[in-house]
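Structure, as structure tokens:
Coordinate-derived values only; no laboratory data. Model, not experiment: these values are computed from the prediction. Cβ atoms come from the backbone with ideal geometry, glycine included; neighbour counts cover every protein chain shown.
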Amino acid sequence: MPIIAAKPYDYSLPLEGAALIVIDMQRDFLEPGGFGEMLGNDVSVLSAIVPTVKNLLDAARNADLPIIHTREGHRPDMSDCPPSKRQRGGGKVTIGDMGPMGRILIRGEAGHDIVPELAPRPGEVVLDKSGKGSFHATDLGHILANKRITHLIFAGVTTEVCVQTTMREANDRGFECLLAEDATESYYPGFKQATLDMVRAQGGIVGWTATTDQIVAALAGVGV
Ligand code: C5J
């Protein structure tokens, strides 16, 4: 079994039983005119990791790992959007309003799509979620149980919101979680660093972190 020299200590990666989960690499978070920019963020910080996430995705595909892509967004009638979420931010434009990529954070709109470079392939799971955590009000747990998954590799955005929330949910459900340090990003560098530190503090209280190169090498069966 490949062993990754992860932090805070070695992570054993069983190729049978592992899956890659790519969180919310959507146009709404990565491109101008979407949800991320609406909240006042510089989206270029997030789009910069697309090639690294692609490397990880390709390595997981080559190793035949199950792949799950998540998308944060809401039904067009917004019946799954808590009013508190819609009101949050206090800006002129909010979730459900029309933007340059269609209605913001609404399923079926251009902004809700995963960026083309990371487009899901047939056979890969696309999981729509209305919350920050990917287990909240979804069938993710059921899907992972059916696939006999015990180990989850995490990538995507944003590190401290949807990635960390999902990782904590998974950790509480008994999954062994590994976060790809350079295949995740935050609009706030300090929040990203704090999340990496929190995850691996106290002997890996939420899980492990490693670089994409380390994970790619492990997936290719190269000693790391
Ligand atoms: C946020 C996410 N940041 N995907 N969503 O609202 O992290």
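Put simply, the amide H of Gly156, placed in the peptide plane, has neighbours under 5 Å in Ile23, Thr184, Glu185, leaving out anything fewer than 5 places away on its chain. Extension gain for Asp197-Asp213 works out to 3.8 nm (0.36 nm per residue, less the C-alpha to C-alpha distance). Note on the stretch 1-141: Cα Rg divided by 2.2 N^0.38 Å, N the number of residues, gives 1.15. Among the listed pairs Lys7/Lys192; Lys85/Lys129; Lys92/Lys129, a Cα-Cα separation exceeding 22 Å is found for Lys92/Lys129. The 3J(HN,Hα) values that the Karplus relation (6.51, -1.76, 1.60; θ = phi - 60°) gives for the stretch 59-73 are, in residue order, 5, 5, 5, 5, 8, 6, 6, x, 10, 10, 9, 9, 9, 8, x Hz. Gly and Pro appear as x. The Asp77 and Thr150 beta-carbon pair, evaluated with R₀ = 45 Å, returns a calculated FRET efficiency of approximately 0.75.
Mean residue ellipticity, 222 nm, helices only, the chain: the sum of -39500 (n - 2.57) across DSSP H runs of n ≥ 4, divided by residue count and rounded to 500, is -8500 deg cm²/dmol. The order of the peptides 209-219, 4-14 by mean Cβ neighbours within 10 Å, most packed first, is 209-219, 4-14. Each residue, Ile3 and Arg61, gets one label point 7 Å from its Cα in the Cβ direction; the gap between the two is 3.2 nm. Karplus-based coupling profile of the stretch 158-172, in residue order and whole Hz: 8, 3, 8, 9, 6, 5, 5, 4, 5, 5, 5, 4, 5, 4, 5, with θ = phi - 60° in 6.51 cos²θ - 1.76 cosθ + 1.60 and x standing for Gly or Pro.
Protection proxy ranking, highest mean first, for peptides 79-87, 125-133: 125-133, 79-87, where packing is the per-residue count of other beta-carbon atoms within 10 Å, averaged. Residues in the stretch 14-20 carry Karplus couplings, in order, of x, 5, 8, x, 10, 9, 9 Hz; the curve used is 6.51 cos²θ - 1.76 cosθ + 1.60 with θ = phi - 60°, and Gly or Pro positions show x. Against the chain, whose longest principal axis is taken from its Cα atoms, helix 189-204 shows a tilt of about 40°.
Proximity of backbone amide H atoms, modeled 1.01 Å from N, is registered between His74 and Ile106, Arg107 at under 5 Å, excluding neighbours fewer than 5 places apart on the same chain. When both bridge partners sit in the chain, DSSP labels roughly 20% of those beta bridges antiparallel.
Applying 1/(1 + (r/R0)^6) with r as the Cβ-Cβ distance of Gln87 and Ala110 and R0 = 22 angstrom yields a FRET efficiency of 0.35.
In the stretch 106-127, whose amide N lies under 14 Å from the spot 7 Å out along Cα-to-Cβ of Asp139? List them in ranges. Taking a point 7 Å out along Cα→Cβ of Asp139, the residues of the stretch 106-127 whose backbone N falls under 14 Å are 125-127.
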